[in-house]
Amino acid sequence: MEIKTVAIIGAGTMGRGIAYCSALAGYRTILEDVSPSMQEQGIEYIRRAFDEGIARGKTTEEQKQQSLARIVTSGSVQDACREADLIIEAVPEEMEVKLEIFTILDKFAKPGAIFASNTSSLSITEMAAITFRAENCIGMHFFNPVQKMKLLEIVRGLETREATVAACAEAGRRMGKEVVVVRESPGFVTSRINAMIGNEAFYMLQEGIATAGDIDKALKLGLNHPMGPFELVDLVGLDVRLSILQHLHRTLGEKYRPCPLIEQYVKAGRLGRKSGRGVFDYKDAAAEQKA
């Protein structure tokens, strides 16, 4: 199947990044969100991302203008999915929300359209099961920030056909990603390993073994990780990480039991960069950005 039009459901952090990559790859791109303000913020984010790319010599003004011209917005899932060949949902990491989206897609999308979920840990097979086209359902797990991270983890559900995998892998490569294909399992590859590392880091912090800054420095300099576990969880969101850990704990057992400290931080509203404070404090940086 040839993909010409890509619809992204959700204009949050992940959705707007996927829209950037989709438009830059040459696809007609529909960015959907029920919130007009989220749509506006998404488009503005994409503009800034292109400006940053131009400043770094990664993109050109011509690419920016051509890509922005390929993007349209929609406030309705039904309308956004009607013309799309590939529909990528990037809504919050809650199975109930994703099942609702897949139900709408199954009703309104054209025959042959591919339904992809940007989930980092949830079951593609479960989402596919509520549709009448399980063979066209797949996981496309992008990483934050999407325009900078090279990996795309493609997740094959129980009934995903080979043609669907091939089409999504080709789309990923056109978006500039290195593609790995994995069989569905809780947490797939990256989230499963990363959740374990991050959770252990919280136990170390809780036990007073080292400061958060020194734990991050140790993993960056000693294990060559580009970001420390606390820098990364603040970027991803502590609530998102906790949700993944809870899912892995339910499905894979005690070794994934969330550290009480991360649960405490989430209850306190310390969700990371998006709230101004997580493991580290970002309030001054947030205030500067608003100014």
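Select from region 130-162 the residues that are hydrophobic (A, V, I, L, M, F, W, C) and either within 30 Å of A49 (Cα to Cα) or in contact with a Gly (Cβ under 9 Å, 6 or more places away or on another chain) (or both) and list them in ascending order.
Within region 130-162, A134, C137, I138, M140, F142, F143, V146, M149, L151, L152, I154, V155 qualify.
Considered as a group, the residues in region 21-43 that are under 17 Å from E170 (Cα atoms) and out of contact with any strand residue (DSSP E or B) (no Cβ under 7 Å at 6 or more places or on another chain) include one that is surrounded by the fewest Cβ atoms within 10 Å (Cβ to Cβ), and that residue is G26. Being outside any loop (DSSP other than H, G, I, E, B) and without any contact (Cβ under 8 Å) to a residue 60 or more places away in the chain is the filter; apply it to region 199-212 and report the residue that is farthest from G139 (Cα to Cα). This residue is Q206. Listed by first and then second residue, the pairs with beta-carbon distance under 7 Å, at least 6 apart or on different chains, first residue in region 236-262 and surrounded by 15 or more Cβ atoms within 10 Å (Cβ to Cβ), second of a type in the set (F, W, Y), are L238/Y265; L245/Y256; L248/Y256; H249/Y256; C259/F202; C259/Y203; L261/F202; I262/F202.
Conditions (1) touching an Asp or Glu at 6+ places or on another chain (Cβ under 9 Å); (2) without any contact (Cβ under 8 Å) to a residue 24 or more places away in the chain; (3) surrounded by 18 or more Cβ atoms within 10 Å (Cβ to Cβ); (4) under 19 Å from R28 (Cα atoms), marked per residue:
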| site | (1), (2), (3), (4) |
| --- | --- |
| D106 | no, no, yes, no |
| K110 | yes, no, no, yes |
| F115 | yes, no, yes, yes |
| E135 | yes, no, no, no |
| I138 | no, no, yes, no |
| N144 | no, no, no, no |
| G157 | yes, no, yes, no |
| A166 | no, yes, no, no |
| G172 | yes, no, yes, yes |
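Filter region 158-195 for residues that are part of a loop (DSSP other than H, G, I, E, B), at pLDDT below 95 and not charged (D, E, K, R) and give the result.
Of all residues in region 158-195, those part of a loop (DSSP other than H, G, I, E, B) come to 158-161, 175-177, 184-189.
After this cut, where a residue has to be at pLDDT below 95 as well, the list is 184-189.
Once the filter is applied, which keeps residues that are part of a loop (DSSP other than H, G, I, E, B), at pLDDT below 95 and not charged (D, E, K, R), region 158-195 yields S185, P186, G187, F188, V189.
The single condition from (1) outside any loop (DSSP other than H, G, I, E, B); (2) more than 19 Å from P92 (Cβ to Cβ); (3) not hydroxyl-bearing (S, T, Y) that M1 fails is (1). Can you tell me which residues in region 42-58 are among the basic types (K, R) and not in a helix (DSSP H, G or I)? Result: R56, K58. The residues listed here are I101, I46; of these, the one that is within 17 Å of N118 (Cα to Cα), crowded, with 20+ Cβ neighbours inside 10 Å and among the β-branched types (V, I, T) is I101. For G42, the stated conditions hold: it is without any contact (Cβ under 8 Å) to a residue 40 or more places away in the chain and in the same structural domain as S117 (by TED's automatic domain parsing).
All of L235, L242, L261 fail the test of being of a type in the set (A, V, I, L, M, F, W, C), part of a helix (DSSP H, G or I) and either more than 28 Å from S123 (Cα to Cα) or in contact with a Lys or Arg (Cβ under 8 Å, 6 or more places away or on another chain) (or both), apart from L235.
Give region 157-180 a look and list any residue that's in contact with a helix residue (DSSP H, G or I) (Cβ under 6 Å, 6 or more places away or on another chain) and closer than 21 Å to I8 by Cβ, or say none. So that I can check it myself, show each step before the final result.
Of region 157-180, the ones in contact with a helix residue (DSSP H, G or I) (Cβ under 6 Å, 6 or more places away or on another chain) are 157-159, 161, 164, 175, 179.
G157, T164, M175, V179, listed by residue number.
The values are calculated or read from the model by the stated rules, or taken from the named source; none is laboratory data. This one's a predicted model, so the numbers in the text were calculated from it and none came from an experiment. Ideal geometry is used to build each Cβ from the backbone, glycine not excepted, and the neighbour counts take in all protein chains shown.
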